[in-house]
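What follows is a single structure, written as structure tokens, with notes after it.
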Amino acid sequence: MPEYINAVKPYLEKAPEQAFENIRTVRSISLAVNQAIAVYGGYEIPSPDVSWNLLEYCADTNSAIGWLATMITIDEEFGCWCLPLAAEYDEKTRARYPQVSRKEYGAHSTLAHRFVLSSLFNPTLTRDLHWDHICRSHACCNPTHGELVTAKTNNARKDLSLRHTTGMETLF
């Protein structure tokens, strides 16, 4: 799958002014490589093969991702880059996410998915931008498994996802 890596290489650069477009482009290229996997809500994520190749390339070329890769396990069914997480939700059904800390990379209790995005793309992430985990795994930090959305969109998708997983009826 070297063709895939060659296709995404130009977009895996720390260019803050192009970061959001680069994130979308890497996701689009990843989806186009081979058969994508449909997940809840009609969204698609790249196959696990694509995830393996992307993690391997990023770990080899980016020291921050190389450090993180030693802790990541890749889900064989969906290709999620998973970090240890005790529970997906707390007692109030708030999502829980893995955090990482490493002084040399400027991470102090940083959410893992934000750490990956900033290490690869260096976007200016504000509090009003949320990473929607399309794969629905909060332990996942794969940059092709999500979208940057507003808090309102993220909360609406969360509510739909919770209704689906708890068996509640939806209006759709």
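The values are calculated or read from the model by the stated rules, or taken from the named source; none is laboratory data. Worth saying up front: this structure is predicted, and the values here are computed from it rather than measured. Here the Cβ positions follow ideal geometry from the backbone for every residue, glycine too, while neighbour counts run over all protein chains shown.
Overview of results
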{"item": "All positions within the stretch 29-79 that are among the polar types (S, T, N, Q) and exposed (fewer than 14 other Cβ atoms within 10 Å of the Cβ)", "result": "34, 35, 61, 63, 70, 73"}
{"item": "Flag if residue 123 is within 24 Å of residue 13 (Cβ to Cβ) and in contact (Cβ under 8 Å) with a residue 12 or more places away in the chain", "result": "yes"}
{"item": "Residue among 95, 139 that alone is among the small types (Gly, Ala, Ser), in contact (Cβ under 8 Å) with a residue 24 or more places away in the chain and more than 19 Å from residue 46 (Cβ to Cβ)", "result": "95"}
{"item": "Residues that are in contact with a strand residue (DSSP E or B) (Cβ under 7 Å, 6 or more places away or on another chain) and basic (Lys, Arg), drawn from the stretch 118-148", "result": "136"}
{"item": "Subset of the stretch 80-107 that is of a type in the set (Lys, Arg) and more than 25 Å from residue 61 (Cβ to Cβ) - its residue that is surrounded by the fewest Cβ atoms within 10 Å (Cβ to Cβ)", "result": "92"}
{"item": "Any hit, the stretch 108-118, residues being of a type in the set (A, V, I, L, M, F, W, C) and either loosely packed, with under 12 Cβ neighbours inside 10 Å or in contact with a Ser or Thr (Cβ under 9 Å, 6 or more places away or on another chain) (or both)", "result": "no"}
{"item": "Failed item in (1) modelled with pLDDT under 90; (2) touching a His at 6+ places or on another chain (Cβ under 8 Å); (3) on the phi > 0 side of the Ramachandran plot, with residue 122 passing the rest", "result": "(2)"}
{"item": "Where a residue in the stretch 1-30 is touching a residue at least 24 places away in the same chain (Cβ under 8 Å) and assigned to a helix (DSSP H, G or I) and its partner, wherever it lies, is among the polar types (S, T, N, Q) and surrounded by fewer than 12 Cβ atoms within 10 Å (Cβ to Cβ), with Cβ under 8 Å and at least six apart", "result": "16/124; 19/124"}
{"item": "Pairs with Cβ under 7 Å, 6+ apart, first in the stretch 70-84 and over 15 Å from residue 116 (Cα atoms), second in a loop (DSSP other than H, G, I, E, B) and among the polar types (S, T, N, Q)", "result": "79/47; 79/142"}
{"item": "Residue 150, sole failed condition from (1) at pLDDT below 85; (2) farther than 30 Å from residue 60 by Cβ", "result": "(1)"}
{"item": "Among (1) among the β-branched types (Val, Ile, Thr); (2) out of contact with any Gly (no Cβ under 8 Å at 6 or more places or on another chain); (3) within 22 Å of residue 112 (Cβ to Cβ), the one test that residue 45 misses", "result": "(2)"}
{"item": "Any hit, the stretch 51-73, residues being outside any strand (DSSP E or B), of a type in the set (Asp, Glu), under 17 Å from residue 120 (Cβ atoms) and modelled with pLDDT of 90 or more", "result": "yes"}
{"item": "Filter result (in a strand (DSSP E or B) and within 14 Å of the chain's Cα centre (by Cα)) within the stretch 130-157", "result": "130, 131, 132, 133, 140, 146, 147, 148, 149"}
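Yes/no matrix, rows are residues, columns are (1) modelled with pLDDT of 90 or more; (2) in contact with a strand residue (DSSP E or B) (Cβ under 7 Å, 6 or more places away or on another chain):
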{"position": "2", "(1), (2)": "no, no"}
{"position": "13", "(1), (2)": "no, no"}
{"position": "21", "(1), (2)": "yes, no"}
{"position": "80", "(1), (2)": "yes, yes"}
{"position": "95", "(1), (2)": "no, yes"}
